[in-house]
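Coordinate-derived values only; no laboratory data. Computed from a prediction, not measured in an experiment: that's the story for all the values here. Using ideal geometry, Cβ is built from the backbone for each residue, glycine included, and neighbour counts are taken over all protein chains shown.
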């Protein structure tokens, strides 16, 4: 097997890429990465590992035809970061005092990361692929006078990659995943302890009886309202730089790349959208991406309904089996049935 470097994810057909990514998550999917390529804060290339002609194992790099040498076995985006607007993706500073790494390996957004490796490879072939991904990332970073790191690795990914690096992974956050058993919302409720079932029912009924109108829309149908509400939500958390223009541009990039896969539960008070939740169905999981509310027009329990109950109900309709609730507010997510696992940073610096 060998690797090559592609300058766009479009070098690989979406179906071939997502054959690996559906096991890894939304933030490594073909469409998501295509959208991130347009982000001017980084330059992105892609390591593609394939069987070499004749089946020999080895390494190499080039910009050859992505379809020339057999099926895709493994892959990883490499992001050369020029400026990082998200402080939660600030790279670790090495203990030696050297400059921090500027190349992000894997997903740069979404706080959920793993190398892409074909799930049916035997362990020795999988490990060989991981070694090639590391070597490619190391070579690419050194070419640019820096090092690379993997942020927010899942626990299984950290266990696989850790032995290939000089320092072990460091747990930096926790991740929440809510299983969706059965075929409908009542099955989710039934999976909770009795006291929690009562609380969830109360939160849903109070929200519904407050009288908001909920519409399920494609993000493109309401992107300006969503940008306004997302900026308002960010400002309440102290992120003053996240203006309406900035948040709307971010969401418009998702519209351009994700199309009608970007789904919104939109809460209206009369004709005005006063809250929204953005989520995606991908790889058998519903991924909650963003919540925005108008603090001047609160609706009781709107946040919990947008973050959990409305996407859970839509996830059942779409046939997904879990809701990715992400990091932060872990206690609230545990109360709603989440299973918690670690997220890790691994650096080559």
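The table below lists the values:
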| read-out | value |
| --- | --- |
| Length gained when the stretch residue 246-residue 170 is fully extended (0.36 nm per residue, less Cα-Cα span) | 24.2 nm |
| Beta bridges by DSSP in the chain, antiparallel share as percent, to the nearest 5 | 90 |
| Estimated inter-spin distance, residue 124 and residue 96, nm [label 7 Å along Cα→Cβ] | 3.4 |
| Sites residue 183 and residue 260, calculated FRET efficiency, Cβ-Cβ separation with R0 30 Å, nearest 0.05 | 0.80 |
| Burial order of peptide ranges 215-225, 200-210 (average beta-carbon count within 10 Å, highest first) | 215-225, 200-210 |
| Of all DSSP beta bridges in region 67-170, antiparallel share, percent nearest 5 | 60 |
| Contact order relative to length of the chain, as percent, for alpha carbon pairs under 8 angstrom and 6 or more apart | 21 |
| Spin-label model distance (nm) - residue 14 vs residue 43, 7 Å beyond Cα toward Cβ | 2.8 |
| Rounded FRET efficiency, nearest 0.05, which uses the C-beta distance separating residue 192 from residue 52 and R0 of 56 Å | 0.65 |
| Under 20 Å from the residue 159 label point (7 Å along Cα→beta-carbon), backbone N, region 107-127 | 112-127 |
| Residue 201-residue 143 FRET efficiency (beta carbon distance; Förster radius 45 Å; 0.05 resolution) | 0.20 |
| Cα-based shape type of region 181-320, given that a ≥ b ≥ c are square roots of the gyration tensor eigenvalues and the cut on a/c is 1.5 | oblate |
| Reported label for calculated P(r) over Cα pairs in 20 Å bins from 0, in percent given [x] 25, 51, 23, 1; [y] 29, 56, 15, 0; [z] 31, 57, 12, 0 | [y] |
